[in-house]
1. Report, in debye and to the nearest 20, how large the dipole of the chain comes out about its Cα centre when Lys and Arg carry +1 and Asp and Glu carry -1 on their Cβ.
2. Under a crude label model (7 Å from the Cα following the beta-carbon direction), how far is residue 38 from residue 159 in nanometres?
3. With an 8 Å cut-off on Cα pairs and a minimum separation of 6 or more residues, tell me the relative contact order of the chain in percent.
4. Quickly estimate the mean residue ellipticity at 222 nm for the chain, helices only: each DSSP H run with n ≥ 4 gives -39500 (n - 2.57), and the total goes over all residues, rounded to 500.
5. Go ahead and set up a Gaussian network model of the chain, Cα springs under 10 Å, then flag whichever of 324, 254, 43 fluctuates most.
6. Using only the alpha carbons of the stretch 129-285, determine the length spanned along each of the three principal axes and report them from longest to shortest in whole angstroms.
7. Relative to the present Cα-Cα distance, how much length would full extension add between residue 290 and residue 320 at 0.36 nm per residue of separation?
8. Going by the alpha-carbon gyration tensor, a ≥ b ≥ c the square roots of its eigenvalues, is the stretch 211-322 rounded (a/c under 1.5) or, if a/c is not under 1.5, prolate (a/b greater than b/c) versus oblate?
Amino acid sequence: MTEHPSLIGCHRAALLDALRGAGVPERALRMRAAQLWHWIYHRGAAAFEAMSTLPADLRGRLAEAWTLDRPRISAAEASADGTRKWLLRYPGGHEVETVFIPEEDRGALCISTQVGCSLTCSFCHTGTMPLVRNLTAAEIVAQILVARDALGEWPTAKERRLTHLVVMGMGEPLLNYEATVGALRIAMDGDGLAFSRRKITLSTSGIAPRIGPLGHDLGVRLAISLHAVRDDVRNELVPINRRWNIAALLEACRSYPKLDRPITFEYVMLDGINDSDADARELVRLIRGIPAKVNLIPFNPWPGAPYRCSPEARIEAFAQIVGRAGYPSPVRTPRGRDILAACGQLKTASERAKRRAGSLAA
């Protein structure tokens, strides 16, 4: 990849500045910016020379100063169930994982917002990685472009397989707020990637003060990684709970500006930890009055994990209690387990290799 700055992830004002710097006269700036935006986000151009509606000399000047490079795909894996995972390497060598999950009537891309994670959730494989850095808006948007490249969905497909975005990959998106919001605004732009806000879900482990601003800024669907109904248990599973406890988190949820759409509460099922009938009844009590559904997630094991998944009968009993209270409580079908692409399993291959090498050397 070149050392030039990327135009991917730039908002429209930044495109105007880039074109102005390339010598485009003021009277033509808005037209050229619209063409540039169209080529990047509607047609998926990966090089300026492909932009046939721009003058050749302008294409050359842009290429001298800017890039449209995607991150390099270090590895690509496909699961038996159709799930696909890409390990993406950015300049400087940092890597993240991005996962495409196909279903009969939709396809969701699980995108990452940080290299590593600072939250150390004890059931999550990513939580065993240190936080290296935040991704930029360009690096977040580039994950969508890479997926569309791989799926052959430029400029338009008769039937798109990639229809939804779920911001629940590596990292806590609300701890990289500005870049995440900037990237999603580009994803939602109707003249480009054109994802409806109703088809974007952002998941947070509980950064309560930023939940309200998220609703005002984007109004996307909200998912909460709850996973426990008592603070003492959640303190261990989701340590950020020590800063914003369950009561504070649920108060922020009740104030979410887009409560016309149900909030999804994610709840990983851990044998003997959070899966009792009493836990289910307390969950119902806690979310009473919030338009909601509860995603029950069978724990996805990873090497060295300290937990076991709740038995199927226990998960079903839990789901029945929640469902009888009027809350949809689907049990999430694990996807991509064979390539460590399921919920809670993401951890870059390079990080796994480093850890293995360290344990062998010890």
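1. Values: 47 positive and 38 negative charges, 77 e Å.
Result for the chain is approximately 380 debye, rounded to the nearest 20.
2. 2.9
3. Working: 689 pairs, mean separation 54.1, N = 362.
Once divided by the residue count of the chain, the mean separation gives 15 percent.
4. Values: 11 runs with 120 residues, N = 362.
Value at 222 nm, helices only, nearest 500: -10000 deg cm²/dmol.
5. Most flexible of the set in this elastic network: 324.
6. Principal extents (largest minus smallest coordinate, Cα): 51, 32, 31 Å.
7. Full extension of this stretch gives 8.9 nm more.
8. Because a/c hits 1.5 or more and a/b exceeds b/c, the stretch 211-322 counts as prolate.
Read the figures in this text as sums done on the coordinates, not as results from a lab. Nothing here was measured: the structure is a model prediction, and the numbers come from that model. Reconstructed Cβ throughout: ideal geometry from the backbone, glycine too, with neighbour counts over all protein chains shown.
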